[in-house]
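The values are calculated or read from the model by the stated rules, or taken from the named source; none is laboratory data. Bear in mind the structure is a predicted one, so any value in this text is a computation, not a measurement. Cβ: placed from backbone, ideal geometry, glycine included. Neighbour counts: every protein chain shown.
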Amino acid sequence: MSWGDGTRSVRAGEGPAVPGAPLRPSPVFAGPFHLGSLPPRTGGADAYARTEQPSLRDFEAAVGELDGGRCLSFATGMAAITAAVLACTGSGDRVVLPSDGYYTTRLLAAEELERFGIAVDLVATPEIGEFAAGGGLDDVRLVVLETPSNPRLDVCDIAAVARAARAAGALVAVDNTTATPLGQRPLELGAHMTVGSDTKALTGHSDLLLGHVSVADEDLYARVKGFRDRTGSTPGPFEAWLGHRSMSTLDLRLARQAANAAAVAEVLAGSPAVTGVRWPWRASDPSFGLASRQMLRPNGVVSAELADEDAVARLLAATRLWTAATSFGGVHSTVDRRAQWGADAVGPGFVRFSCGIEDTADLVEDLSVALAALD
């Protein structure tokens, strides 16, 4: 039987019920484990938490089930994307990264990859399909996609890029943070790896740092796991346990966040103080057609342009429910003026709205009042 998203979110990673056992797994905090007479890493015994740990396995089993692959957990989303890149490339290789994706990924390229002799091409998300189809991947080792991109929310065709990459002998990793495993399954679309910053919508409560890489190939799994174990970028057991617990409400949170985003996008589009509203599930959005075909459901992130920095400040001063904060995907609705970080090529009034799970009518009324203050 194929379960729905709500059931999968609650039940992912669970084994058979055992009478007398806890309904949910409890965190295991041990670093070293009793070895007894068993040689290390034999007979399924745990030895040391950096390389094997029950709480990590519970979280990984749950995420892997949603992703449709085998999952490895990491301390942060950046640790995950770093492992996906460096475990699969070396000096002399060429990597394609999104020029409009998460800015720290670009910093990784500029400050670290090039230092290791890895050549980097930066290609915008809307242009990667044409770049791949035109032979741009012929001498590429790895292509990293981020779709929808952060913060502009552009979408690219994962399946088409994956076909071109496989034909050229390149690997494809997809940063699936914005979409989440319920919103998009890159492995089913031909990607070799899917990467997530689980700090954001997957766990969704703005109270932990966590990341993951899921793969469908055993050799690739071993390569990424080896890199993780040797570099020590595993998460702590409490973070893994908290992430697994928080995932149970993913379906419910995404549904409310998407409903809020749909309403918020219309309010923003109707305001004379706002331009450039982006949400891939609005019929007028440039990414609507592809997002509708490729993605399984919408999420709660909207972007838009206000006049300038002062306009954003006045909006925030006039609202009671929208909080100035970075990151996204949490239960609180937040506003992030991206230019303040000095990394994204956006205007001073470009804003990312992350819709939380507050009542839709309350968010709409509060935002409408705040926008009216800009007239």
Taking the stretch 15-68 and keeping residues of a type in the set (S, T, Y) and out of contact with any His (no Cβ under 9 Å at 6 or more places or on another chain) leaves S26, S37, T42, Y48, T51
From the option list G190, G211, G243, G236, single residue qualifying as of a type in the set (G, A, S), under 25 Å from S292 (Cβ atoms), assigned by TED's automatic domain parsing to the domain that holds A62 and modelled with pLDDT of 95 or more is G190
Reported set for the stretch 281-307 where residues are in contact with a helix residue (DSSP H, G or I) (Cβ under 8 Å, 6 or more places away or on another chain) and assigned to a helix (DSSP H, G or I) is Q294
Of G330, G342, G356, G347, the only residue that is out of contact with any helix residue (DSSP H, G or I) (no Cβ under 6 Å at 6 or more places or on another chain) and free of Cβ contacts under 8 Å to residues at least 12 places away in the same chain is G342
Per the filter on the stretch 285-308, residues touching a strand residue (DSSP E or B) at 6+ places or on another chain (Cβ under 9 Å) and either loosely packed, with under 14 Cβ neighbours inside 10 Å or under 16 Å from N176 (Cβ atoms) (or both) are S287, G300, V301
| message | Criterion first (at pLDDT 95 or above, under 18 Å from the mean Cα position of the chain (by Cα), surrounded by 15 or more Cβ atoms within 10 Å (Cβ to Cβ) and hydrophobic (A, V, I, L, M, F, W, C)) does W279 satisfy it? | response | yes
Here the qualifying pairs (Cβ atoms under 9 Å; residues six or more apart or on different chains; first in the stretch 90-118 and closer than 14 Å to L145 by Cβ; second at pLDDT below 95 and aromatic (F, W, Y)) come out as none
Within the stretch 52-75, the residues that are farther than 17 Å from G226 by Cα and either among the polar types (S, T, N, Q) or in a helix (DSSP H, G or I) (or both) are P54, S55, D58, F59, A61, A62, V63, G64, E65, L66, D67
